[in-house]
Amino acid sequence: MNLRHSWIIALKDIRIFIRKRTVLYTLVLLPLLLSVLFPLVIEYGGKSSGGITGPEIPALLHSFEWFFVIIPAIIPAPIASYSIVGEKLEKSLERLLATPTTDGEILLGKSIAVFIPAIIATYAGASIFMALIDAVTYSKLGYLYYPNWDMGIILLLAPLVLLLSIELNIITSSRVSDVRSASQLGGLMFLPFIGIYLASEIGVVTLDTNALLIIGGVIAVLDLAMFRISTSVFQREQILTKWK
Amino acid sequence: MIETESLTKKFDGLTAVDGVTFRVEEGEVFGFLGPNGAGKTTTVRMLCCLISKTSGTAKVAGYDVGNGADSLKIRRLIGLVPDNVGLYESLTAYDNMDFYGKLYDRTESQRKESIAALLKMLELWEKKDVPVATFSKGMKQKLAIALALVHDPQILFMDEPTANLDPEAARTVRDFILDLKKQKKTIFLNTHNLDEAQRICDRIAILNTTLRAMGTPEELERSVQGRVTVIQLEQSNDAVLAAVKNLGLGDVSAEGNKLTISTADPEKANATILDAVFRAGGRIQSVNVVGSTLEDAYLKLVREKEKV
């Protein structure tokens with residue numbers, strides 16, 4: 001495999017979709033909004049009843065941290081839909097497939113194009129979140145809450161979730177013929193993670209370190225399974241003759 | 001340069017290309033004529049290693065189509081102008097070309113040189129930094145051809161390169177193909193534009209799932225019975241009619257002062273026919289060869305059910 005080819009394809013895709021407003025909004029606004037919103041909740045939440053106290057903070061932050069698993073599930077949908085369905089719509093895939101690149105190189109290039117901006121956005125959002133949380137909780141806790149192991153595991157889960165989301169979006173892109181449908185279908189990826197969040201909120205599951213490691217293991221297995229499916233879908237003959 | 005033997009492609013039981021055998025020589029402009037759905041694009045896709053063949057053999061520049069290792073070598077040697085221009089509309093003309101140049105592992109200086117040369121040749125240099133989305137259809141088609149040439153391929157596959165172009169843009173593209181021919185590029189041209197095929201192709205194959213005929217445009221015209229020699233005489237003359245019939249070259253009919261002689265090759269037979277007319281005392285006002293064109297040949301051949 002010629003990784004240089006994959007990198008060339010990734011850079012081209014990134015150049016194309018950073019000009020798309022929808023993609024930029026998703027990349028910048030969602031992580032930024034959540035990373036600022038949660039510290040604001042800690043700082044100003046429950047002011048009428050005396051504010052959030054020090055002992056209440058860790059449980060709240062535990063819930064908020066999970067959103068940095070949800071973000072990488074959401075972000076790839078609009079980017080991947082432009083990367084693959086967009087290319088289908090511009091009818092440029094045939095020409096790309098006629099170059100001396102392998103299916104794997106193209107698929108890797110498309111995945112890198114989605115992965116890099118999405119992981120940067122997620123980690124940037126998480127960094128802002130941790131810095132702001134430390135700033136607003138230090139006086140109440142008497143110590144810096146972040147960095148800690150749980151957030152470390154969350155940040156390790158993020159790329160696994162991102163990969164799963166990219167693979168799902170590749171499979172979805174082979175079945176739809178417009179960017180919006182691809183984006184909406186791919187976006188459904190966040191539902192299971194919202195489900196886990198709600199389950200933790202009502203006490204069905206506890207998102208402690210052990211639970212996070214188990215979830216990480218399950219996602220890694222799913223990543224491998226989806227990788228097999230996505231590579232079987234992304235074959236040049238199928239793309240040219242079977243893709244919608 | 002390109003060689004196929006009984007090349008066949010089936011999709012879920014439907015035969016798109018059936019037992020096609022042909023050979024394209026180096027530096028030749030080879031036209032592939034056929035109606036929509038005849039299998040032209042499928043053949044090009046097989047030869048460009050984009051889809052697999054069901055059976056038969058095909059070689060491009062000596063490499064086996066269908067052999068995984070050879071596929072990359074073939075794709076490195078060829079350029080493809082697909083039936084859709086396939087450009088990245090939000091990128092500039094230069095960036096589109098630079099992207100493909102990189103994928104063919106051209107160095108930066110090679111890319112700069114070939115991009116400048118091609119864009120200047122196709123009168124797109126002034127627009128090199130403009131997003132392709134603002135281009136007219138003709139400009140996009142010219143850029144699509146330039147993209148296929150950025151790595152200086154030996155063989156160029158073109159799928160309907162002048163379809164949907166206005167006459168002026170189509171002429172520019174045709175002239176460019178003729179320039180490429182002068183550069184000894186081998187060009188495989190899918191088209192259903194008969195006039196275009198006749199003007200620029202050295203040889204033409206007519207395809208309608210099976211290969212119906214192959215030859216130079218002139219050979220194909222001649223292959224259809226229907227070209228006739230029409231002789232306008234000053235006066236009708238039974239002796240002239242008998243003399244021409246006695247030659248046994250083909251069907252002869254007379255209508256008023258006009259003799260119509262149907263032969264396999266009028267250009268070869270005319271001297272003998274005119275000699276017989278003179279000898280029989282006939283006085284000739286005019287001689288014309290009329291009849292089948294490439295269009296006649298094409299229509300007849302694509303409608304035939306039998307394989308040639």
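The single condition among (1) within 14 Å of another protein chain (Cβ to nearest Cβ); (2) within 30 Å of A:Leu207 (Cα to Cα) that A:Ile18 does not satisfy is (2).
Kindly indicate whether any position in segment B:236-251 is without any contact (Cβ under 8 Å) to a residue 40 or more places away in the chain, closer than 30 Å to B:Met214 by Cβ and not in a loop (DSSP other than H, G, I, E, B). Checked against the condition, which is being without any contact (Cβ under 8 Å) to a residue 40 or more places away in the chain, closer than 30 Å to B:Met214 by Cβ and not in a loop (DSSP other than H, G, I, E, B), segment B:236-251 yields at least one hit.
A count restricted to segment B:261-284 and to residues that are closer than 30 Å to B:Ala297 by Cβ and either surrounded by fewer than 16 Cβ atoms within 10 Å (Cβ to Cβ) or of a type in the set (Gly, Ala, Ser) (or both) stands at 11. Residues that are crowded, with 19+ Cβ neighbours inside 10 Å and of a type in the set (A, V, I, L, M) were ranked within segment B:112-138; the one that is nearest to the other protein chains (Cβ to nearest Cβ) is B:Val132.
Are any residues in segment B:69-103 in contact (Cβ under 8 Å) with a residue 60 or more places away in the chain, facing chain A (nearest Cβ under 7 Å) and charged (D, E, K, R), and if so, which ones? Within segment B:69-103, just B:Arg76 meets the criteria.
The test for being aliphatic (A, V, I, L, M), surrounded by fewer than 14 Cβ atoms within 10 Å (Cβ to Cβ) and either touching a helix residue (DSSP H, G or I) at 6+ places or on another chain (Cβ under 9 Å) or within 14 Å of another protein chain (Cβ to nearest Cβ) (or both) holds for A:Leu191. Filtered by the rule that a residue be within 11 Å of A:Thr137 (Cβ to Cβ) and of a type in the set (Val, Ile, Thr), segment A:33-52 gives A:Ile42, A:Ile52.
Looking at segment B:67-126 only, could you name the residues that are in a loop (DSSP other than H, G, I, E, B) and touching a helix residue (DSSP H, G or I) at 6+ places or on another chain (Cβ under 6 Å)? Outline the logic, then answer.
The initial filter retains those residues of segment B:67-126 that are in a loop (DSSP other than H, G, I, E, B), namely B:67, B:82-91, B:104-107, B:122-124.
Within segment B:67-126, B:Pro82, B:Val85, B:Gly86, B:Leu87, B:Tyr88, B:Glu89, B:Ser90, B:Leu122, B:Leu124 meet the criteria.
Within segment B:37-65, the set of residues being more than 11 Å from chain A (Cβ to nearest Cβ), surrounded by fewer than 18 Cβ atoms within 10 Å (Cβ to Cβ), of a type in the set (Gly, Ala, Ser) and within 24 Å of B:Thr209 (Cα to Cα) comprises B:Gly37, B:Ser55. Conditions first: (1) surrounded by 15 or more Cβ atoms within 10 Å (Cβ to Cβ); (2) farther than 30 Å from A:Arg95 by Cα. A:Gly217 passes all but one, so which condition is the exception? Only one criterion is unmet by A:Gly217, namely (1).
Every number in this text was worked out from the coordinates using simple rules, so none of it is lab data. Just so it is clear, the structure is predicted and the values come from calculations on it, not from any experiment. Don't worry about glycine lacking a Cβ; one is built from the backbone with ideal geometry, like all the others, and counts go over all protein chains shown.
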